[in-house]
Structure formats: C-alpha cells, structure tokens
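Throughout, read-outs are computed from the coordinates displayed, never taken from laboratory work. Bear in mind that the values here come from a model prediction, so they are computed numbers and not experimental data. Cβ atoms come from the backbone with ideal geometry, glycine included; neighbour counts cover every protein chain shown.
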Amino acid sequence: MTTAGDGQRSTAALRPGVAIAGRHIAKSFGHVNALTDAHVTVESGKVVALLGDNGAGKSTFLKCLLGIEKPSSGTLVIADQETTLDTVRDAQRLGVDCIHQDLALAPALSVVDNMFLGHQVRHRGVRGRVGVVARREMSERAAAALEELSIRLPSLSVPVSDLSGGQRQAVAVARAVMWSSTAVLMDEPTAALGARQSEIVCELMRTVAARGLGVLVVSHDLPRVLTVADSVAILWRGETVVETEAEGLTVPDVVATMVGYRKGVA
C-alpha cells in the first residue's frame, strides 16, 4: 500500500470510517470566543459542506483541523484516531491537505512544478545530490494524477498564469489529492468562478470522494454545494447548530439557520 506523500494511492486500500472530525472544538483568542462548541464529522468517501454566515467560525475551525491553530478544548480525529496537531506538517503527515481560497499556486511556474511544489523528485545518485530534479518522472506522475481526476489541460508545461480560473482551481485540487491519503479541505473553491467552471469543480469534489477521501468544503455557493454534499454542518456564532444529511434541505432553510433566525432545519 502506498503512503501519503507517494503521490499515488490505491482507492481500495482506503477503509471506510472517519476521515477527519472535530468534536466539541472551542477556540478563544484572548477574551474573544471564536468557537464554543463546533463539531463536524467527515467520513471517508463523503462530501460535507461546512456552512455559516460571516464570522460564524468556519475559517477558525478549518485552521484547527489543519494544525494552524490549536483548539482551546475539544478533540480532533483523523483516520479514526484521536490526535493533536501542532503544525500544518502534522496534518499533512496524516494525509490531510487544504485548497485555500487563494489557491497558493505560483503563477510563473508550470503546472508540473506547481503540483510538485515542496515535493520535488530528485534524480538518484550524484545528480540528485547536487539538486537535479527528475522532470520526466514528475511530468509522468502529474499527468497520471490529472488523468485520474479526468482533468484535461492544454499543456502541463505552461505557467499556471496562462490557465483559466477553473483550470487553475482544478490544478489546486489535483495537487491536494496527489499528496493526500485521508481528507481534502476546500475553502470557497468556486469563489470568483463562472457557472461552468463552478460545475467542473463540484464534479471534482464527487470524484475525489469516490476515490475514498473525505471532503470538507466551506462555501457560500449554497445552491451548488447542497447538490454536491452528502451532509451539511451549520455553524452559528462558533457553535454547530445543525449537522444533517443534505438531501431535502433548501437554500431558504439553510439561510434562516445561518443568520440565526432559528436553530434547526425542518
């Protein structure tokens, strides 16, 4: 079985269970309580939408799941095991990665170089010791990762600045999946994208989940996220007030809960 960091993975090797979860997470910054009782569970092979109005605590919750912030209290679970995270590297070692809203791509670098940013493969022997990277191997592995997700690009050697917004988002998704074995977190993945590009990204969420990873997506694009998610968690003033299946939920119901008119969705 391959491990996180190999960049390749057998879906069959991923067992069902909890990919990632935060249970009763609280986080305070001085006298400010950003989270009071946030809980979300993402099972392997499922897409969960984390929703909430601005200031509800979504970003803080994601940072806790990624090791960027340390919870004041509560429990983190990754791959069915309770754990603590001190750094982002800790989360990555456990097979968790994130696609941030700004994508964190290097515009001047090629698709291949972006997908291997921080993971460059070096030649074996003397050439590797002096820093020569194995570009053919990297290109082949990048092409295979994109093909697995049915992502088609005009070229892997062009700088990502030459790609459309949707194509850049697809590269960010493929990179995260390439180096993840447990869960992928997505922060506003359809922001600033057109309708068709947003549909492509939503299709990628389902493709990623079908490979056995857990997918947690933060989004304000309620109509689309309700169609792609298996379940929904709604944060309100730092507390999870709803955690339920997405089927049957309507946008007005979700919005009413998000803004605090009522706790609970009929």
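Remarks
- Cα pair distances in the chain, grouped into 10 Å bins until the bin that holds the longest one, percent each: 7, 30, 35, 20, 7, 1, 0
- Each of 62, 84, 116 was scored by the projection of its Cα onto the charge dipole of region 11-258, and the greatest displacement toward the positive side belongs to 116; charges sit on the C-beta of Lys, Arg, Asp and Glu.
- Mean separation of Cα contacts under 8 Å (6+ apart) over length of the chain, as relative contact order %: 28 percent
- With contributions of -39500 (n - 2.57) from each DSSP H run of at least four residues, the per-residue ellipticity at 222 nm computed over the chain stands at -9000 deg cm²/dmol.
- Couplings 3J(HN,Hα) for region 157-163, derived from phi with the Karplus relation 6.51 cos²θ - 1.76 cosθ + 1.60 (θ = phi - 60°), are 9, 7, x, 5, 5, 7, 8 Hz, where x marks Gly and Pro.
- Derived scalar couplings between HN and Hα for region 196-209 equal 5, 5, 5, 5, 4, 5, 5, 4, 5, 4, 5, 5, 4, 5 Hz in order, rounded to whole Hz, by the Karplus curve 6.51 cos²θ - 1.76 cosθ + 1.60 (θ = phi - 60°), x for Gly and Pro.
- Euclidean distance of C-alpha centroids, region 16-93 and region 94-117, integer Å: 22 Å
- Charge-dipole axis of the chain as Lys and Arg at +1 and Asp and Glu at -1 on Cβ define it, positive-most pick from 25, 75, 155: 155
- Per-residue 3J(HN,Hα) values for region 73-84, derived from phi via the Karplus relation 6.51 cos²θ - 1.76 cosθ + 1.60 with θ = phi - 60°, read 7, x, 10, 9, 10, 10, 6, 6, 10, 5, 8, 10 Hz in sequence order (x marks Gly and Pro).
- Efficiency of FRET from Cβ geometry, residue 147 and residue 82, R₀ 30 Å, rounded to 0.05: 0.25
- Pairs of lysines in the chain (C-alpha under 17 Å apart; 8 or more residues apart or interchain): 4
- Dipole magnitude for the chain: computed about the Cα centre from +1 point charges on Lys and Arg Cβ and -1 point charges on Asp and Glu Cβ, it is near 840 debye.
- Residues whose amide H lies under 5 Å from that of residue 99, counting only those 5 or more places away or on a different chain, are 185, 186, 187; hydrogens are built 1.01 Å from N in the peptide plane.
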